[in-house]
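We did not get these values from a lab; they are worked out from the coordinates using the rules stated. Since the model is a prediction, treat every value here as computed from it, not as a measurement. Ideal geometry is used to build each Cβ from the backbone, glycine not excepted, and the neighbour counts take in all protein chains shown.
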Amino acid sequence: MTHHKTLTLLAGIGMTCAGIVGLAQAQTPAPSTTAQGGSVAAASTASCSPLMHQSFNRLQDDAPQDLCQYAGKVTLVVNTASYCGFTTQYEGLEALYAKYQGKGLVVLGFPSNDFGKQEPGSSKEIADFCFNTYGVKFPMFSKTSVKGSNANALHAALIKATGKSPEWNFHKYLIDRNGRVLKSYASQVTPDDKALVADIEKALAQKL
């Protein structure tokens, strides 16, 4: 069975995962570029918290993205995987993003192969697979590690701030408009969980 047919079959039986988000980022304008070649969101850099002073490559094209472009927003960070029992959470994450984006919420997806080897594909495979399955529009970034000594810089900071490391795919961290980490949520906490939604709404109601 070819790779294409395999992915089609998996999508048909509902086993697809996180990747969707990849293409969504294609609609996110890339920030301006500095003379040194680094991407910068000029309008928000001044108010960007130390936590968000990070740069990651966008999933679908590896273009560097400065997280400072999301300064002033409420941010939900999620580590994702395409062949996971929680993969259907992509639908709920996109629904959250669609509902609250206009009020200042952004969902950031970080594909990872750390748990169960459930994200083995390349960035293009992840992006294509996910978009075609779930049509997610929220930003996603290239595959990276989210735990232990190899954790990417953002997750290392999130783990330090909360004392909670992801134990599986679709662990979530909520960050307020000022770049303060509010809470972490286990993989089993779905995007439509009442407590999670209440926390998001409370954070959105707070001013900078």
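Observations
- Scanning the stretch 133-152 for residues being hydrophobic (A, V, I, L, M, F, W, C), more than 19 Å from residue 61 (Cβ to Cβ) and surrounded by 24 or more Cβ atoms within 10 Å (Cβ to Cβ) gives a total of 1.
The rows are residues; the columns are (1) within 16 Å of the chain's Cα centre (by Cα); (2) in contact (Cβ under 8 Å) with a residue 40 or more places away in the chain.
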position: 122; (1), (2): no, no
position: 145; (1), (2): yes, no
position: 153; (1), (2): yes, yes
position: 194; (1), (2): no, no
position: 199; (1), (2): no, no
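- Assessment of the stretch 175-183 against the conditions (in contact with a Lys or Arg (Cβ under 7 Å, 6 or more places away or on another chain) and touching a residue at least 60 places away in the same chain (Cβ under 8 Å)) yields at least one matching residue.
- Residues in the stretch 165-200 that are charged (D, E, K, R), surrounded by fewer than 19 Cβ atoms within 10 Å (Cβ to Cβ) and either closer than 20 Å to residue 91 by Cβ or out of contact with any helix residue (DSSP H, G or I) (no Cβ under 9 Å at 6 or more places or on another chain) (or both): 167, 192, 193, 194, 199.
- From the list 87, 75, the one residue that fits, being touching a residue at least 60 places away in the same chain (Cβ under 8 Å), touching a helix residue (DSSP H, G or I) at 6+ places or on another chain (Cβ under 9 Å), hydroxyl-bearing (Ser, Thr, Tyr) and in a loop (DSSP other than H, G, I, E, B), is 87.
- Count of the stretch 46-61 residues which are in a loop (DSSP other than H, G, I, E, B) and more than 15 Å from the chain's Cα centre (by Cα): 6
- Hey, residue 131 of a type in the set (A, V, I, L, M, F, W, C) and either free of Cβ contacts under 8 Å to residues at least 60 places away in the same chain or in a loop (DSSP other than H, G, I, E, B) (or both) or not: no
- Residue 71 among the hydrophobic types (A, V, I, L, M, F, W, C) and surrounded by fewer than 18 Cβ atoms within 10 Å (Cβ to Cβ): no
- Yes/no for residue 108 being touching a helix residue (DSSP H, G or I) at 6+ places or on another chain (Cβ under 9 Å), assigned to a strand (DSSP E or B) and closer than 23 Å to residue 152 by Cα: yes
- When residue 179 is tested against (1) over 25 Å from residue 130 (Cα atoms); (2) more than 17 Å from the chain's Cα centre (by Cα), just one condition goes unmet, and that condition is (2).
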